[in-house]
Structure formats: structure tokens, C-alpha cells
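Inspection log for the structure reproduced underneath, given as C-alpha cells.
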Amino acid sequence: NAGVTQTPKFQVLKTGQSMTLQCAQDMNHNSMYWYRQDPGMGLRLIYYSASEGTTDKGEVPNGYNVSRLNKREFSLRLESAAPSQTSVYFCASSDPTSGGLAKNIQYFGAGTRLSVL
Amino acid sequence: GENVEQHPSTLSVQEGDSAVIKCTYSDSASNYFPWYKQELGKRPQLIIDIRSNVGEKKDQRIAVTLNKTAKHFSLHITETQPEDSAVYFCAATTRRNTNAGKSTFGDGTTLTVKP
């Protein structure tokens, strides 16, 4: 049981390049999320998927697209990377259908450190 | 939408002292308040959480208090140890978001415990 797995761990891009960050969870969770973390700004939600087949914008969606490929996988795509997208990206999952407080607990992946030059 | 403010942004204490981190939220519909700890270079992990129908919850050296009227909640760490050094995030989840489990996070507090 690996939890939430993100790939790659590190990536360097040039301005204008595109790439896809991959995320997979093996906990059978319905909801998945993508956050970015910048110094002093906490975790900001980019996109989330409440369940397979649905996606919604978070606080900072501009410049990103997502795909909920199936229940396990949720990918984040940068079509034309910009230096402002240099950040650490975290994927997370939760299971709102479980009982009690457990339904809101978010489990995070190890993160992807992205630099855009 | 929900807005969560967290204070202080940095906190330094001597080993053995207590540490308190405070958060305020704006949406009265928020009903779930987790705290996450993130060690340097690691992922955030849940350390304690509280629901809106409870005023206080304790787990060994960690406690969380909630004041729904004032819309603020706090994390208390007693007898701090060097391994408590980390960034701590509070979060609030609104009732209408509960089905998606979507939380709004504070900006984080960097806690340093000096030996």
C-alpha cells in the first residue's frame, strides 16, 4: 500500500515547454487534489476532482489543466510553462464517503519540485 | 469563498516550553478543522483534527481548541521537543464542500524548537 505516488520528483523546464505531472493513489479514494506550495503562501488549490469523471477549479487554476483518468489517477498539465509556475506541487486524495472525521483527511504525495527557467 | 488566516508565521521556543498557533476562518459553514505538520522536504501529514460540534481535543502533547462564535481555532503543543520543529498548517472545510473534502489552508507557521 504505497498511498499517493507522484512522478517525477524533480523537473526543470524552459519557458514555453509543456509537461504532465502524474499522481496515483491506491487507497480507493474518490476525491483527488492538486496544490502548489510557494514560500510563505501555504498550500493553494489548483484543481480538484470530487469523483471519477469530474474536475473543478480551485484558487489558482490559470495555466494548468487536469485529467481524472480513472479513480486512481489524476494528472496535472502545464501547456506552456512560465517562471511563475516554479513551485513544489503536491497531489492529495481523500475519501469523503468514509464515516466520521476520516472522510476529510487528506493524504499527500511526496511532491514534485518544478523549476521553470 | 473561505479565508483562513494563520498566526504567527514563525515561532521559536526553547525545548520544554509550550507553543501556540492560532487560525481564524471566515465561513460560518465550516465544520471540520485539521492541522497538518510538514517537516523539511517532506509531505504534509495530519496530526490532529476537530469537528465543529467539539470545543477541544487532545492527543498526548498536542491539543486543538475551537471557538465557533469567534471563528478561531488553535493548536497547542506542550513540552516541545526538537523533533516538533516543522511547518504547521491549519485548514478549514466548509459544510457544502464536505462531499468533495475540499479544505482551505492557512499560510503556515514555521516552528523552531531550540535544544
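The values are calculated or read from the model by the stated rules, or taken from the named source; none is laboratory data. Since this is a predicted model, take the numbers as computed values, not measurements. Virtual Cβ from ideal backbone geometry, glycine too; neighbours counted across all protein chains shown.
Filtering segment A:27-36 to residues that are at pLDDT below 95 and more than 8 Å from every other protein chain (Cβ to nearest Cβ) leaves A:Met27, A:Asn28, A:His29, A:Asn30, A:Met32.
Taking every residue in segment B:30-41 that is of a type in the set (D, E, K, R) and pairing it with any residue that is in a loop (DSSP other than H, G, I, E, B), at least 6 positions away or on another chain, the pairs with Cβ-Cβ distances below 9 Å are B:Lys37/B:Pro44; B:Glu39/B:Ser85.
Please go through segment A:16-39 and give me each residue that is polar (S, T, N, Q) and within 13 Å of A:Gln106 (Cβ to Cβ), ordered by number. Even if it seems obvious, please write down each step before you answer.
At the first step, the residues of segment A:16-39 found to be polar (S, T, N, Q) are A:17-18, A:20, A:22, A:25, A:28, A:30-31, A:37.
Selection gives A:Gln25, A:Asn30, A:Ser31.
Taking the criterion of being part of a loop (DSSP other than H, G, I, E, B) and touching a His at 6+ places or on another chain (Cβ under 8 Å), the only residue of segment B:1-47 that qualifies is B:Ser18. If you go through segment A:1-15 and keep only what is at pLDDT 95 or above and under 17 Å from A:Gln106 (Cβ atoms), you end up with A:Val4, A:Thr5, A:Gln6. Just one residue in the set A:Pro39, A:Pro61 is over 19 Å from B:Phe33 (Cβ atoms), at pLDDT below 90 and in a loop (DSSP other than H, G, I, E, B); that residue is A:Pro39.
In segment B:1-38, the qualifying residues are those that are in contact with a helix residue (DSSP H, G or I) (Cβ under 8 Å, 6 or more places away or on another chain) and of a type in the set (A, V, I, L, M, F, W, C), and the one that is surrounded by the fewest Cβ atoms within 10 Å (Cβ to Cβ) is B:Ala29.
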